[in-house]
Number of protein chains: 2
Amino acid sequence: MNETVKAQPKKKRLSSSERRADFISKAIEFFAEEGFESSTRSLARYLGVTQPLLYRYFPSKDDLIKEVYQTVYLNRWQDDWDALLTDRSRPLRDRLQEFYEAYTDAIFAREWLRIFLFSGLKGVEINRWYVGLVNERILERIFTEYRIESGQANTQAEAPAATPEELEMAWVMHGGIFYYGIRKHIYESPVLEDKSRMIANALDVFLKGIGEATSSQN
Amino acid sequence: MNETVKAQPKKKRLSSSERRADFISKAIEFFAEEGFESSTRSLARYLGVTQPLLYRYFPSKDDLIKEVYQTVYLNRWQDDWDALLTDRSRPLRDRLQEFYEAYTDAIFAREWLRIFLFSGLKGVEINRWYVGLVNERILERIFTEYRIESGQANTQAEAPAATPEELEMAWVMHGGIFYYGIRKHIYESPVLEDKSRMIANALDVFLKGIGEATSSQN
DNA sequence: AACGTTATTTATCATTCGATAAACTGTTGG
DNA sequence: CCAACAGTTTATCGAATGATAAATAACGTT
């Protein structure tokens, strides 16, 4: 009855570093789906190991969660995006289109979005840090580049900083794009399939808007 | 040692309906802050009663949570908003400005936003229902009204339905405004204080955009 | 092939969880 | 004032939780 007994997976034994890396990457999947309140036992079941083994690699559940945050948040930003956004040989609109396509490719993943939302609700520090990153690396930069392109400034140094109102307009655009990802991957609502087109429209509307709204204060 | 023994609050006793209403409204505060995974014991502590008393009013924790959802989601929509949005004696822009100010007054509360996000992550049905409501009562209507105002149609019936792309543009605007609330009340980031102005800019930019983007497909 | 090292499991503990039953106490009508 | 009802607490259950210690089993070295 046991011809080719489906070989009970022959308890494979990983090196400490392999196991650790495997734990973290699968813990990301698990916690993204189940939330950080889920038990270490069900996590261990998902990992295919026993629960006490987790404590050989992480002092506590909280420490494991912190590592999950670190891994998820860090290195999400591609270094060449900085160069892309400030490449003044290209129209700003083109740069932003390319950037937002790449950026949303990176963060519009169910895992990332869910962990981002969970961490936001928990109020953990790393979430604030990330919001600051968006502000400085993307939104403020948009206005610097916009001023240079429109001839209001020649260098980054002399470009006047974005006003709070301008920044808010950029946030509304950015948030609108971000919310597209939430609707698609978290709410699982039907959305316009053509993500590039959604981005193009958002950028069009935004860039057209800041040209006028910032000069016609009332 | 017990002179004026701080009068242990003289165990007040509420009627069944009062107690029930009190439980639900305070449970909203509690779960919004602590998340739905929090224990019934800490909830009871927050309510100032013992934990088994909860089970006198709700068969299970899940039933209590469902009532919390119901109470939070229902009646959030003010009936006169329908009339406001379709009042063709006023410019669409004015109507939208007034609507979004009132709408955001209603939902930009820490409690509501947090419970909305929690329920979204949980994938509960009521969340989908709410997304559908936004779609039908607000966004699709914007295009109907836009077509009537711009002379493309005379009645609601003959106005062509919004295309998926148009709807997506409206979602980006709506999501951008919504995300302002998230940033302010969940992330507790600094935002532009002048909410009306943020709305005005979002609407300006959006209405200017749909006039052009929808006619110049490439 | 025997050894020692280390990854992994088994067994277990103290707490906390949702939930129930029974005891108690405030309130109301006669 | 007292009896009956309804609101509330005390006591407790079995299951699940995070965490630890001891036992086991796979691997590399000689």
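All of the numbers you see were taken from the coordinates with simple rules; none came from a lab. Predicted model, so just to flag it, every value in this text is computed and none were measured. Glycine also receives a Cβ, built like all others from the backbone with ideal geometry; neighbour counts cover every protein chain displayed.
Just a few scattered comments:
- Fraction of C-alpha pairs exceeding 12 angstrom in the range A:56-98: 68 percent, rounded to a whole number.
- B:Ala106 label point (Cα plus 7 Å toward Cβ) to equivalent points in the other copies: 3.9 nm, shortest first.
- In a reduced charge model with +1 at each Lys and Arg Cβ and -1 at each Asp and Glu Cβ, the range B:1-123 shows a dipole moment near 700 debye about its Cα centre.
- Each of A:Met198, B:Met169 has some number of other Cβ atoms within 10 Å of its Cβ, and from fewest to most they run A:Met198, B:Met169.
- Chain A: Lys pairs at Cα distance under 25 angstrom, eight or more positions apart or on different chains: 15
- Shortest-first nm distances, A:Val124 label point to equivalent points in other copies (7 Å, Cα→Cβ): 2.4
- Here the Karplus relation 6.51 cos²θ - 1.76 cosθ + 1.60, evaluated at θ = phi - 60°, turns the backbone of the range B:65-78 into coupling constants of 4, 4, 5, 4, 4, 3, 4, 6, 7, 6, 6, 7, 7, 7 Hz, with x for every Gly and Pro.
- Over the C-alpha atoms of chain A, the Rg to Rh ratio, Rh being the Kirkwood estimate, stands at 1.10.
- Span per principal axis, largest first, for the Cα atoms of the range A:1-114 (Å): 69, 38, 26
- The protein assembly as shown: radius of gyration over Cα atoms, expressed as a fraction of 2.2 N^0.38 Å: 1.15
- The range B:73-200: projected area of the alpha-carbon convex hull, averaged over directions, in nm²: 8.3
- Rounded to the nearest 20 debye, the dipole magnitude of chain B is 1380 debye, with +1 charges on Lys and Arg beta carbons, -1 on Asp and Glu beta carbons, and the Cα centre as origin.
- Hypothetical label at A:Tyr46: residues of the range B:122-157 whose amide nitrogen lies under 18 Å (7 Å Cα-Cβ projection): B:122-124
- Remark: the protein assembly as shown carries a charge dipole of roughly 2520 debye about the Cα centre, counting +1 on each Lys and Arg Cβ and -1 on each Asp and Glu Cβ.
- Each Cα pair under 8 Å and six or more residues apart adds its sequence gap; the mean of these over the residue count of chain B is a relative contact order of 19 percent.
- Per-residue ³J(HN,Hα) for the range B:187-193, Karplus 6.51 cos²θ - 1.76 cosθ + 1.60, θ = phi - 60°, Hz, x for Gly and Pro: 6, 6, 7, x, 10, 4, 5
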